[in-house]
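What follows is a short report on a single structure.
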């Protein structure tokens, strides 16, 4: 059964030392800085260090939830930004069913070769294959991959950073197998919010009769557009609306996101789809750990969890 849910952002700055944050923000062209309502000038080195401390503390809260739950597997659901896939094949949803995934845990802002930070994360192959079969029976035309063969332009970096950036923050010993579930959150046409909700419900339904203790972790979001025309701007009202729906168990409202085309919903904000999947799989009140509208990180940084549920 799925008895625990987690969610967090995975902005590259979150996994960099504070002195590198200005470099991350420096990737925004000057004309964007002048045209957008940024407040990054208020984010002094002291403020950035306080953000890093809050990020570390928030991940520690999530890690302790996992430690207390003692899962047999953790579903990592999130985006793939031309890491595993590219224009040759870009599935809406894909389960990885091989033995392990690997990739570089250090963001590209860190000056080191990708291999220097490569980690290997075991996959719960048997449970992933079971989910694949049952999701197909449940009406999901789920893609699958059992071979680590990254197709993107930076293939040496391995699998999506939605896995390798937060993996050791949540599972420091990398001794709990995961189930990678990739969502297309960037490259139209994209899965609807309603379909993501249906996917989360299906995951919970399929795993309800299994003996394994499964956690689900949504990786990505919240509002951001890191390389687009809104780079550095954060939609705080939307982020807080999403977090309120999680805290009050009104996750069904999230199905209305992405029903209209809006610049706010484009770019990295599409990663909120992962949170929708987790909210649907865990339909009970969540706990909001922290929220940081971090302009240097170019993202509304959110952290939440759905507390452990006793097995019936």
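The residue that is surrounded by the fewest Cβ atoms within 10 Å (Cβ to Cβ), counting only those in segment 149-192 that are under 15 Å from the mean Cα position of the chain (by Cα) and part of a helix (DSSP H, G or I), is 168. Filtered by the rule that a residue be under 17 Å from residue 8 (Cβ atoms) and not in a loop (DSSP other than H, G, I, E, B), segment 197-235 gives 200, 215, 216, 217, 218, 219.
Evaluate segment 234-241: report whether one residue or more is in contact with a helix residue (DSSP H, G or I) (Cβ under 8 Å, 6 or more places away or on another chain), at negative phi and surrounded by fewer than 16 Cβ atoms within 10 Å (Cβ to Cβ). Within segment 234-241 (the criterion being in contact with a helix residue (DSSP H, G or I) (Cβ under 8 Å, 6 or more places away or on another chain), at negative phi and surrounded by fewer than 16 Cβ atoms within 10 Å (Cβ to Cβ)), the answer is no, since none of the residues qualifies.
For segment 70-88, the count of residues that are surrounded by fewer than 14 Cβ atoms within 10 Å (Cβ to Cβ) and at pLDDT below 95 is nonzero. Would you mention how many residues in segment 267-312 are in a helix (DSSP H, G or I) and either buried (at least 21 other Cβ atoms within 10 Å of the Cβ) or touching a strand residue (DSSP E or B) at 6+ places or on another chain (Cβ under 9 Å) (or both)? Summing the residues that are in a helix (DSSP H, G or I) and either buried (at least 21 other Cβ atoms within 10 Å of the Cβ) or touching a strand residue (DSSP E or B) at 6+ places or on another chain (Cβ under 9 Å) (or both) in segment 267-312 gives 14. Per the conditions (1) more than 21 Å from residue 275 (Cα to Cα); (2) surrounded by fewer than 16 Cβ atoms within 10 Å (Cβ to Cβ), the sole criterion not satisfied by residue 64 is (1).
The values are calculated or read from the model by the stated rules, or taken from the named source; none is laboratory data. What you are looking at is a predicted structure, and each value in this text was computed from that prediction instead of being measured. Virtual Cβ from ideal backbone geometry, glycine too; neighbours counted across all protein chains shown.
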